[in-house]
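Peer 1: Pasting in a structure now, in structure tokens, and then I'll have a few things to ask.
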Amino acid sequence: MRVGCPKEIKNHEYRVGLTPGAVREYVAHGHDVIIETKAGAGIGADDDAYRAAGAKIVATAADIFQKSDMVVKVKEPQPSEWAQLRDGQILYTYLHLAPDPEQTKGLLASGVTAIAYETVTDERGGLPLLAPMSEVAGRLSIQAGATALQKANGGRGILLGGVPGVLPAKVAIIGGGVVGLHAAKMAAGIGADVSILDRSIPRLRQLDDLFGGRIHTRYSTIDALEEEVFSADLVIGAVLIPGAAAPKLVTREMLSGMKKGAVIVDVAIDQGGCFETSHATTHSDPTYEVDGVVHYCVANMPGAVPVTSAHALNNATLHYGLQLADKGLKAIAEDRHLRAGLNVHKGRVTNAPVAEALGYDAFAPEAALNVA
Ligand SMILES: NC(=O)C1=CN([C@@H]2O[C@H](COP(=O)(O)OP(=O)(O)OC[C@H]3O[C@@H](n4cnc5c(N)ncnc54)[C@H](O)[C@@H]3O)[C@@H](O)[C@H]2O)C=CC1
Ligand SMILES: CC(=O)C(=O)O
Ligand SMILES: [Mg+2]
């Protein structure tokens, strides 16, 4: 199979879908790999590094989209990219379709077979291709929040860890999954007073055990949520219902009960966000203010630390990428966890939560692929 990787074009997105190390693995499996020139510049991998790994360098993204049987990317295709996808081609990348009707329309019109990293599953009920970026974004959320809390950046001017004799800041984390855990590690490590809210009691038990009393866990009712959000200096939005649009847990009305200069980091923004007042921002202009509360809602947070993120992402995507390259659609038909990643196939939506969020009929991946 010919596998192609274009340079990412989303705002300040410096990750790359294939690192030179991943290219070497595809080549070892007998595949042709083409890479757009400078695709790896953001992680310090130049064209020669890709040539040494066995790839051919091409001049434009159009060359990649025209010549590849499978396109491997990081972020959801942008309008100029989805216009170049076609029937019979596999797209392997993050999609986040539920909050994005335009992209969904574009992918359906193209006829492409699109696998969304974020809905591929594993035996333990996890999302193995989302997890590494959630680890990065969870850790970054505390750095971003700490910066936004500085007075000159519009925040209330509180240091997360405090100092001896002065209380630390309060951090409320809504959603104790992968993002929530990694945000809590950073916040607790820096000395903040941390609460995590979740709807899963087994998960709250696990977090309580992990932190040995260093953080507070709370079952996420409206009462608990209000109490935590109203007293917090920094609120991290980290809920997920896989594939679906994020539930709006913090309403506009609730903002009026928050401290002036408090900061919200809505990591769940790639699924539409869990604050009613969230809208996606970019690394060039990451924050805005509503009712005195600073909002940070960057949808590609890991793009800020591409050297870490691109390698962590490739570690997770390589296994199924090789399966797809080796076997094509048969790989999806054979493996139920990869099938869970199939969001769009030949003009049909094949992920139920995406179909429900956007008002399409859902086709089971098995039916769309003619798998018994
Ligand atoms: N903005 C960015 O750059 C990035 C965003 N993300 C996003 O962050 C979000 C979280 O991802 P993960 O931590 O990997 O998901 P996860 O599935 O590991 O955790 C989500 C948690 O939310 C909890 N939850 C669900 N509904 C809830 C509710 N009503 N109240 C409280 N908790 C609730 C679940 O029980 C679960 O523990 C996703 O939308 C993901 O796509 C991830 C990486 C980068
Ligand atoms: C998961 C995601 O949206 C990202 O890594 O950018
Ligand atoms: Mg996005």
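The values are calculated or read from the model by the stated rules, or taken from the named source; none is laboratory data. Quick caveat, the model's predicted, so the values are computed rather than measured. In this analysis, Cβ positions are derived from the backbone assuming ideal geometry, glycine residues included, and neighbour counts consider all displayed protein chains. Accessible surface is based on the protein model in full, side chains and every heavy atom, while ligands, DNA and RNA are left aside. Shrake-Rupley method; radii C 1.70, N 1.55, O 1.52, S 1.80 Å.
Peer 1: Within the group I174, I201, I142, which residue is of a type in the set (V, I, T) and surrounded by fewer than 21 Cβ atoms within 10 Å (Cβ to Cβ)?
Peer 2: I201
Peer 1: Give the residues of segment 97-117 that are within 16 Å of ligand 1 (Cβ to nearest atom) and open to solvent by 10 Å² or more (accessible area, probe 1.4 Å), sorted by residue number.
Peer 2: Of everything in segment 97-117, those that are within 16 Å of ligand 1 (Cβ to nearest atom) and open to solvent by 10 Å² or more (accessible area, probe 1.4 Å) turn out to be P99, D100.
Peer 1: Okay, next question. Run down L249, L255, L234 and say which single residue is over 19 Å from G292 (Cβ atoms) and either open to solvent by 70 Å² or more (accessible area, probe 1.4 Å) or at pLDDT 95 or above (or both).
Peer 2: None of the others qualify; the one that does is L249.
Peer 1: Could you please give the count of residues in segment 204-222 that are surrounded by fewer than 16 Cβ atoms within 10 Å (Cβ to Cβ), in contact with a helix residue (DSSP H, G or I) (Cβ under 7 Å, 6 or more places away or on another chain) and of a type outside the set (K, R)?
Peer 2: 1
Peer 1: For segment 351-368, give me each residue that is under 30 Å from T19 (Cα atoms) and open to solvent by 10 Å² or more (accessible area, probe 1.4 Å).
Peer 2: N351, P365
Peer 1: Would you check which residues across segment 67-76 are away from ligand 2 (no atom under 16 Å from the Cβ) and open to solvent by less than 10 Å² (accessible area, probe 1.4 Å) and list them?
Peer 2: Filtering segment 67-76 down to residues away from ligand 2 (no atom under 16 Å from the Cβ) leaves 67-71.
Within segment 67-76, S68, M70, V71 meet the criteria.
Peer 1: Restricting attention to segment 123-150, and to residues there that are over 21 Å from H96 (Cα atoms) and free of Cβ contacts under 8 Å to residues at least 40 places away in the same chain, which single residue is farthest from ligand 1 (Cβ to nearest atom)?
Peer 2: My answer is Q150.
Peer 1: Any residue at all in segment 24-47 that is surrounded by fewer than 19 Cβ atoms within 10 Å (Cβ to Cβ), touching a strand residue (DSSP E or B) at 6+ places or on another chain (Cβ under 7 Å) and among the charged types (D, E, K, R)?
Peer 2: yes
Peer 1: Restricting the search to segment 286-337, which residues are buried (at least 23 other Cβ atoms within 10 Å of the Cβ) and among the small types (G, A, S)?
Peer 2: Selection gives A299, G303, S309, A310, G321, A325.
Peer 1: Please find, within segment 258-278, the residue that is surrounded by the most Cβ atoms within 10 Å (Cβ to Cβ) out of those that are of a type in the set (D, E, K, R) and within 14 Å of ligand 2 (Cβ to nearest atom).
Peer 2: D266
Peer 1: From the set of residues in segment 152-183 that are assigned to a helix (DSSP H, G or I) and in contact (Cβ under 8 Å) with a residue 40 or more places away in the chain, which is farthest from the chain's Cα centre (by Cα)? First the steps, then the outcome.
Peer 2: From segment 152-183, those assigned to a helix (DSSP H, G or I) are 152-153, 178-183; that's our starting set.
Right, trim to in contact (Cβ under 8 Å) with a residue 40 or more places away in the chain and you get 153, 178-183.
Numbers: N153: 25, V178: 11, V179: 10, G180: 13, L181: 15, H182: 14, A183: 15 Å.
Among those that are assigned to a helix (DSSP H, G or I) and in contact (Cβ under 8 Å) with a residue 40 or more places away in the chain, it is N153.
Peer 1: What pairs come out if I take residues in segment 83-98 that are more than 12 Å from ligand 2 (Cβ to nearest atom) and basic (K, R) and pair them with residues that are in a loop (DSSP other than H, G, I, E, B) and modelled with pLDDT of 95 or more whose C-beta lies under 7 Å away, six or more apart or interchain?
Peer 2: Pairs that qualify, where the first residue is more than 12 Å from ligand 2 (Cβ to nearest atom) and basic (K, R) and the partner is in a loop (DSSP other than H, G, I, E, B) and modelled with pLDDT of 95 or more, are R86/G111; R86/V112.
Peer 1: I would also like to ask the following. Please specify each residue of segment 283-311 satisfying the condition of being polar (S, T, N, Q), within 28 Å of G44 (Cβ to Cβ) and away from ligand 2 (no atom under 12 Å from the Cβ). Quick ask: steps written out before the conclusion?
Peer 2: Just the residues of segment 283-311 that are polar (S, T, N, Q), to begin with: 284, 287, 300, 308-309.
Now drop any that are not within 28 Å of G44 (Cβ to Cβ), which leaves 284, 300, 308-309.
Answer for segment 283-311, where residues must be polar (S, T, N, Q), within 28 Å of G44 (Cβ to Cβ) and away from ligand 2 (no atom under 12 Å from the Cβ): just S284.
Peer 1: Which count do you get for residues in segment 77-95 that are open to solvent by 10 Å² or more (accessible area, probe 1.4 Å) and either over 25 Å from D326 (Cβ atoms) or aromatic (F, W, Y) (or both)?
Peer 2: 5
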